[in-house]
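Undergrad: Quick one: this structure, given as structure tokens, is what I'll be asking you about.
The values are calculated or read from the model by the stated rules, or taken from the named source; none is laboratory data. Being a predicted model, the structure only gives us computed values, none of them experimental. Counting neighbours? That spans all protein chains shown, and the Cβs are built from the backbone with ideal geometry, glycine included.
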Amino acid sequence: MAKDGKKLSDEDRILWSKVALTAVPLKGKIVPNLEEETRAFEQFLATALEGEIVTARAEPKPAQKPRTQTHPFDAQTRDKLSKGKLAISGTVDLHGMTQSEAHSLLLSFLHRAHTAGMRYVLVITGKGASFGSEGALKRAVPNWLSTPAFRALVSSHDAAARHHGGSGALYLRLRRQTQAKP
């Protein structure tokens, strides 16, 4: 039976029997005779090649890209941030927090910063190089930024300059607030 509790379709059963023929049985086990299913599989392939089987149609692509996609940080903006020519409006330090604490703090910080109209913020995750492993927050925060909750707030992110924390910190560009049209 399939994982969802339904029986396998004929095509799936035939395909599985074809794959099972390539397996090497354990010592002392009897190999079932799958010749009938192999013939059925070959017939199935022949009809598929003739075009009798209808394949699933691809869903049409949306007309516009969703607003929640992130764009890469351009080098010019990153250089301006690292040299102090663009102001960093806010900073949040996630050192010493668990992932759940850091996630909720970062999300609430970004909501407040976005509401306040901030454009660039600095997120300090820490390098987390204890015991020879890379930090959990250092790995997790970029993954969080690709989730829908964060994508609605953050347009791009990049590693910070050395004097801002280097690989243990991230520059974030927040999305502009949309004005309601009258």
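Undergrad: For region 85-182, which fully contained strands (runs of 3 or more DSSP E) count at least 3 residues that are of a type outside the set (Asp, Glu) and farther than 18 Å from Ala75 by Cα?
TA: 90-93
Undergrad: If we scan region 102-110, do we find a residue that is buried (at least 17 other Cβ atoms within 10 Å of the Cβ), of a type in the set (Gly, Ala, Ser) and in contact with a Gly (Cβ under 8 Å, 6 or more places away or on another chain)?
TA: Looking through region 102-110, none of the residues is buried (at least 17 other Cβ atoms within 10 Å of the Cβ), of a type in the set (Gly, Ala, Ser) and in contact with a Gly (Cβ under 8 Å, 6 or more places away or on another chain).
Undergrad: Shifting gears a bit: Quick one: in region 115-143, which of the residues that are within 16 Å of Ser104 (Cβ to Cβ) and surrounded by fewer than 18 Cβ atoms within 10 Å (Cβ to Cβ) is modelled with the lowest pLDDT?
TA: Ala136
Undergrad: Report, by residue number, each residue of region 59-101 that is modelled with pLDDT of 80 or more, touching a strand residue (DSSP E or B) at 6+ places or on another chain (Cβ under 7 Å) and either more than 21 Å from Ala160 (Cβ to Cβ) or of a type in the set (Val, Ile, Thr) (or both).
TA: Ile88, Thr91, Val92
Undergrad: Could you please let me know if Ser82 is in a helix (DSSP H, G or I) and surrounded by fewer than 15 Cβ atoms within 10 Å (Cβ to Cβ)?
TA: No.
Undergrad: A further question follows. Name every residue in region 160-180 that is hydrophobic (A, V, I, L, M, F, W, C) and either touching a helix residue (DSSP H, G or I) at 6+ places or on another chain (Cβ under 6 Å) or farther than 15 Å from Ile88 by Cβ (or both), in order of residue number.
TA: Ala161, Leu174, Ala180
Undergrad: Now for a different question. Go through (1) touching a strand residue (DSSP E or B) at 6+ places or on another chain (Cβ under 7 Å); (2) of a type outside the set (S, T, N, Q); (3) surrounded by fewer than 16 Cβ atoms within 10 Å (Cβ to Cβ) one by one and return the number of the condition Leu153 breaks.
TA: If we test Leu153 against (1) touching a strand residue (DSSP E or B) at 6+ places or on another chain (Cβ under 7 Å); (2) of a type outside the set (S, T, N, Q); (3) surrounded by fewer than 16 Cβ atoms within 10 Å (Cβ to Cβ), just (3) comes out false.
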